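S.K.: Here's a structure for you.
Derivation of every value follows stated rules applied to the coordinates shown; laboratory data play no part. Since we're looking at a predicted model, the values are computed, not measured. As a convention, Cβ positions derive from the backbone with ideal geometry for all residues, glycine included, and neighbour counts pool all protein chains shown.
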Amino acid sequence: MTKSGGVHKAVVPAAGLGTRFLPATKATPKEMLPVVDKPAIQYVVEEAVAAGLDDVLFITGRSKRPLEDHFDRNLELEHALDSKGDHHRLQLVNESTDLARIHYVRQGDPLGLGHAVLMAEHHVGHEPFAVLLGDDLIDPRDPILPRMMQVRQAHGGSVIALMEVPRESIALYGCPATEPTDELDAVLVTDLVEKPDPADAPSTFAVIGRYVLDPAVFAVLRQTAPGRGGEIQLTDALRVLATMPAGEGGGVRGVVFSGRRYDTGDRLSYLQASIMIACEREDLGPALRDWLRGFVASAEFADEPAARSGSDAGGPVR
Ligand code: G1P
């Protein structure tokens, strides 16, 4: 058995329109926006590879060409860096090329996350597989996929990643009803609801963007009608899986994550993620922290300039 416990394939949906980041995403996929100096999507692929997944399928849409180019060779650039003797940058350029076996399938109509996952059926076949959403970055020091794959191996079925959030934030996430198990960090999922009203939420666990799915999900997704927002929701398919017998690929467990997670899904949290990640970096962190300390203490910061009156910086903090 490999270190990934029989799970080899990662599916990464990347067909969203990125409307929250317009105009930056007019011609650039949002997955390619840099977090410090690496496209967000590269962190996600690195996480999959670190967990032992060697085959990555991107579900893409229109204007995703830069994404494909990023994971392919760039001979001209390689040549230019090589002839300058810039081996450090050459290595950076080659890192994304050599990460994993990468495949692409186009989603066609963007009908929702469940529909995107269904597009992976042909490539995945009858194996369990992982799904990683690009808006959630998991700190490499706190990996969660290996634990999820361990739970899958022990119990079968599907496994989702959960995180405690304040009740008022639950409307941004899928939310499960759960029962404890005899493992401290794992719960049994008995029901799920996509983006509930906080008052009706069955728990304060948010589904974060990591899933280990039984291939039975495909047959369920084919039967899943559009749900919240008129989209085919993965959450709705998981809800069905949660009540299906184990012998048919049913059963859903949650692994409760308590590590460091960064959200790049909207502008404010993207900025926060960029600052947090840069502060942790050896090359940039010390100088950035120094500057931040000075900036926060400065009159310029205390004055809270025009920001509050003109901008719409009040988007959801996730
Ligand atoms: C998706 C899922 C949701 C999950 C979230 C995690 O929502 O539908 O259940 O909680 O990802 O980031 P999205 O953020 O794409 O609207």
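S.K.: Can you list residues from other chains, or at least 5 along the same chain, whose modelled amide H is less than 5 Å from the amide H of residue 252?
M.R.: Excluding prolines and chain starts, which carry no amide H, the hits are 158, 189.
S.K.: Using Cα centres only, tell me the gap between segment 1-72 and segment 266-299 in whole Å.
M.R.: One Cα centre to the other: 24 Å.
S.K.: Report the relative contact order of segment 238-298, percent, no decimals, based on alpha-carbon pairs under 8 angstrom and at least 6 residues apart.
M.R.: About 14 percent, as a whole number.
S.K.: Determine the distance separating the Cα centre of segment 96-129 from the Cα centre of segment 179-230; give it in Å without decimals.
M.R.: Rounded to whole Å, the Cα centres lie 20 Å apart.
S.K.: Report the trypsin sites (Lys or Arg not before Pro) located in segment 208-263 that are in a DSSP loop and have at most 15 other Cβ atoms inside 10 Å of their Cβ, or state none.
M.R.: 260
S.K.: Efficiency by 1/(1 + (r/R0)^6): what FRET value for residue 54 and residue 287, r their Cβ-Cβ distance, R0 = 35 Å, to the nearest 0.05?
M.R.: 0.45
S.K.: Right, something else. Give the aspartates and glutamates reachable from residue 38 as a straight Cα distance under 13 Å; neighbours fewer than 8 places away on the same chain don't count.
M.R.: The reachable aspartates and glutamates, counting only those whose Cα sits under 13 Å from residue 38, are 46, 95.
S.K.: Given 0.36 nm per residue, what is the gain on full extension from residue 179 to residue 26 after removing their alpha carbon distance, in nm?
M.R.: 50.7 nm
S.K.: Within a Cβ distance under 12 Å of residue 138, other residues only, what is the Lys/Arg minus Asp/Glu net charge?
M.R.: With Lys, Arg at +1 and Asp, Glu at -1, the net is -2.
S.K.: For residue 272 and residue 164, what does the FRET efficiency come to when R0 = 22 Å and r is the distance between their Cβ atoms, rounded to the nearest 0.05?
M.R.: 0.75
S.K.: Now for a different question. Go through 30/84; 30/195; 26/84; 9/84 and tell me which ones have a Cα-Cα distance over 27 Å in this structure.
M.R.: Correct reply: 30/84; 26/84; 9/84.
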